[in-house]
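J.: Okay, here's the structure, questions in a sec.
The values are calculated or read from the model by the stated rules, or taken from the named source; none is laboratory data. Given the structure is predicted, the values throughout are model-derived calculations rather than measurements. Cβ placement follows ideal geometry from the backbone for every residue including glycine, while neighbour counts extend to all protein chains displayed.
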Amino acid sequence: MGKVVFVKFLDFLLGLLSFVPALMAVGGCYVSYLHPTRHPALHWLGVLLPLILLFNVLVMLFWIWKRSIWMMVPIAAILICIPFITSMFHWPLRKQAPPEKKVTVATYNIHNQMGANDFLDGQQFARFVEAESVDIICLQEFPITGVVRLGLIHELSKLLPYYQISSRQPGAMNMAIFSRYPIIEMQPVIFVDETDNFSFWVDLDLEGERVRVFNNHLQTTNINQYKLSLTQGLRHTVAQMKKLKQVMEENGSIRTRQADVIRGLLDESPYPLIVCGDFNANPASYT
């Protein structure tokens, strides 16, 4: 009898504890509505949201295995976070009729001539543009000089003849927009922060309609520069974690200010908008 009571009490306690990751998940899904400079601690809920959701899935599976009503706690949290999940993963649940006027837009950070897995050349990129019927492509970290830059321009301009390449200053990172439609006007957006990151917009003539396209490259997280190594001892790992937290918070503040600038320009635009770029943030972030 005593063992049964203890098991029931333990289940009840674990059930109450299930609310902790569930509430963290819900908070992470809606933390984007809070300004990070006013609520810096809550910002981490958005950063860690994928891991928090994964933990909720494990809690759900545990309660399903136990055949307990407590399974509804993580299930409710996951359902509330469906908008975040669908922003990360798209499933074609139903096919929709294509619109009468369709414009295909792509955006890609080519890392100064390197693809995700291998060297990226102009012909390879042109094949992608042609296969996907891309009308407008926004590129970040476009090569500054060299044969690769010329190759990309040469191949892409065959398919998308109107293009604009811009940088914050000579020798800094470049960004580019290639378009099937004529470019009417271009304007750089220079942030006050001392970084190479910047944005720019162009106005395109889409068959008589003027549309403004923003290409953005916001402040990096620098997470790759502070990868943790468990082989160098616990003390080193803890120091790296503290440094990573500090750097991510500093870069997050910079990125927030940059996002505020872009948001203001979007609100002021008199024309329909297309916003592209490498935002260095997940969909749950303020950015």
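J.: Which one is modelled with the lowest pLDDT among residues in the range 268-287 that are hydrophobic (A, V, I, L, M, F, W, C), within 25 Å of Met173 (Cα to Cα) and within 18 Å of the chain's Cα centre (by Cα)?
T.: The qualifying residue modelled with the lowest pLDDT is Ala281.
J.: Let me ask you something else. Give me the pairs, please: first residue somewhere in the range 259-277 and assigned by TED's automatic domain parsing to the domain that holds Leu139, second residue anywhere and among the acidic types (Asp, Glu), beta-carbon distance under 7 Å, and either six or more positions apart or on two chains.
T.: Tyr271/Asp203
J.: Does the range 128-136 contain any residue that is on the phi > 0 side of the Ramachandran plot, at pLDDT 70 or above and exposed (fewer than 13 other Cβ atoms within 10 Å of the Cβ)?
T.: yes
J.: So which residues in the range 99-127 are assigned to a strand (DSSP E or B), surrounded by 13 or more Cβ atoms within 10 Å (Cβ to Cβ) and modelled with pLDDT under 70, if there are any at all?
T.: Met114
J.: Out of the range 1-18, which residues are of a type outside the set (S, T, N, Q) and buried (at least 16 other Cβ atoms within 10 Å of the Cβ)?
T.: Once the filter is applied, which keeps residues that are of a type outside the set (S, T, N, Q) and buried (at least 16 other Cβ atoms within 10 Å of the Cβ), the range 1-18 yields only Gly15.
J.: Show the residue pairs meeting these rules: Cβ distance below 6 Å; 6+ apart or different chains; first residue within the range 31-57 and closer than 15 Å to Cys81 by Cβ; second residue buried (at least 20 other Cβ atoms within 10 Å of the Cβ) and at pLDDT below 75.
T.: Ser32/Ala284; Gly46/Ala284; Leu49/Ala284
J.: Residues in the range 198-218 that are assigned to a loop (DSSP other than H, G, I, E, B) and crowded, with 23+ Cβ neighbours inside 10 Å: how many?
T.: Number satisfying all stated conditions: 1.
J.: Modelled with pLDDT under 90, loosely packed, with under 14 Cβ neighbours inside 10 Å, out of contact with any Phe, Trp or Tyr (no Cβ under 8 Å at 6 or more places or on another chain) and not in a strand (DSSP E or B), is that true of Gly151?
T.: Judged against the criteria, Gly151 is not a match.
J.: Here's something else I'd like to know. Which of the residues spanning the range 19-68 are outside any helix (DSSP H, G or I) and either touching a Cys at 6+ places or on another chain (Cβ under 8 Å) or not β-branched (Val, Ile, Thr) (or both)?
T.: Leu34, His35, Pro36, Arg38, His39, Pro40, Ala41, Leu42, Leu48, Arg67, Ser68
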